[in-house]
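The next block holds one structure in the form of structure tokens; read it before the comments.
The values are calculated or read from the model by the stated rules, or taken from the named source; none is laboratory data. All values reported here derive from a predicted model rather than from experimental measurement. Glycine gets a Cβ as well: all are built from the backbone with ideal geometry, and neighbour counts include every protein chain shown.
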Amino acid sequence: MGNVERGRRGVAQCPLAALCLISAAWGAEPPAPTAPAPANAARSPAQSAEVLTRQIIERVYAALDPRDADGYERLPEPKSGEWLARFKEVPQTLERYCALDARVRPTDACRTIVLQPLGEFTAEQQQLLEALREYTQAFFHLPTRLEKPVPLKIDAPGVELTRQVGLGHRHGDYTQQYNAGVILEHLLAPRLPADAVACMGITTEDLWDGSLNYVFGVGSLNKRVGVYSLCRYYPEFWGSQRQEGDEREGLRRACKVLNHEIGHVFGLWHCVFFRCTMNGSNSRTELDHNPIEPCPVCHRKLVWCLGCDPVKRYEGVRAFYLKHGLRDEADWLAGRIERWKKIAAREAAAVAGRRADEE
């Protein structure tokens, strides 16, 4: 569920591809005033960027209510091969997120999330699609519609939709990949429904994009569309038979990548503060290690963007987890709901106190 901005990939030889794509504006957060560095302490641009990033992260930690951060793990230094060891992400604070010009927000006329199946689906896979519709509606607290499947094909001469996978990269029966960028440009963007604040294509085919070996999904902020593949979440892709619990684990991965990709469509960048569903991932192992819920920083971004009641949103998501056997996630959310009620009550009282002082 990582994201790579067009033009800054540089991972053509990487055996584990980046996992999603978002068009976003990158730049440095204005630093806090500091004393001039000694002349003999000059830093390279890369070193200066790292120092600036660390300053922003530390300021976010310091400003966050410890009660809000309770239950979340700060991101440690990345290990070799992990997303942040390969890609230097720019921190997106809540203030920076709210100031974004190119940010999608629901309106009265445009507030439905549309899930668009692409290609053929078995009866079992169709049940998964309906579960993903339920999850999307609960997670983003917005009406969500599941459309009928459309063929995964385009009529655009000279455009490469598929390619054969090299022998060294084949798994199981998957010998062909589909071009995710082409799907966005030529299949999903032209058919974006008028009432859709976001449209996410879903396929069981393997995807690639640009010079990357594969992608789990890609998303475009400009066009409000994205696409992601379900195939790498299950053992069949790797040539193995399913075991007990594989369906539940596949659903967990599918939900995690789905909320991550749609989060990008709503303008959330990769999180560099805590373990979070908006963390970048460079492999399925790293994906599995990331949590399914947003951290306290990304949670506030999402609530601000959607204009939803956080408790009602949490309760809807927890009901989904309970229904589908995701017990660990449901238990964690139960504690989060109680903590958040107390945080919200304190913050409301503080706001009321400030208004009373102003009057």
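Below is a table of values for the structure above.
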quantity: Lone unmet requirement of (1) on the phi > 0 side of the Ramachandran plot; (2) crowded, with 19+ Cβ neighbours inside 10 Å for residue 210; calculated: (2)
quantity: Residues being touching a strand residue (DSSP E or B) at 6+ places or on another chain (Cβ under 8 Å) and either modelled with pLDDT under 95 or crowded, with 18+ Cβ neighbours inside 10 Å (or both) - total across region 113-125; calculated: 6
quantity: Qualifying residue in region 225-243 (condition: within 21 Å of residue 104 (Cβ to Cβ) and basic (Lys, Arg)); calculated: no
quantity: Filtered residues of region 248-305 (kept if more than 16 Å from residue 228 (Cβ to Cβ), hydrophobic (A, V, I, L, M, F, W, C), outside any loop (DSSP other than H, G, I, E, B) and more than 11 Å from the chain's Cα centre (by Cα)); calculated: 274, 297, 302, 303, 304, 305
quantity: Residue, nearest to residue 330 (Cα to Cα), within region 148-172, restricted to residues that are in a loop (DSSP other than H, G, I, E, B) and touching a residue at least 40 places away in the same chain (Cβ under 8 Å); calculated: 172
quantity: Long-range neighbours under 8 Å by Cβ, at least six apart or interchain, first residue among the small types (Gly, Ala, Ser) within region 58-85, second outside any loop (DSSP other than H, G, I, E, B) and surrounded by fewer than 17 Cβ atoms within 10 Å (Cβ to Cβ); calculated: 69/61; 71/335; 71/339
quantity: The listed residue being surrounded by fewer than 17 Cβ atoms within 10 Å (Cβ to Cβ), assigned to a loop (DSSP other than H, G, I, E, B) and more than 17 Å from the chain's Cα centre (by Cα), out of 85, 109; calculated: 109
quantity: Filter result for residue 211 (out of contact with any helix residue (DSSP H, G or I) (no Cβ under 8 Å at 6 or more places or on another chain), closer than 25 Å to residue 324 by Cβ and of a type in the set (Ser, Thr, Tyr)); calculated: no
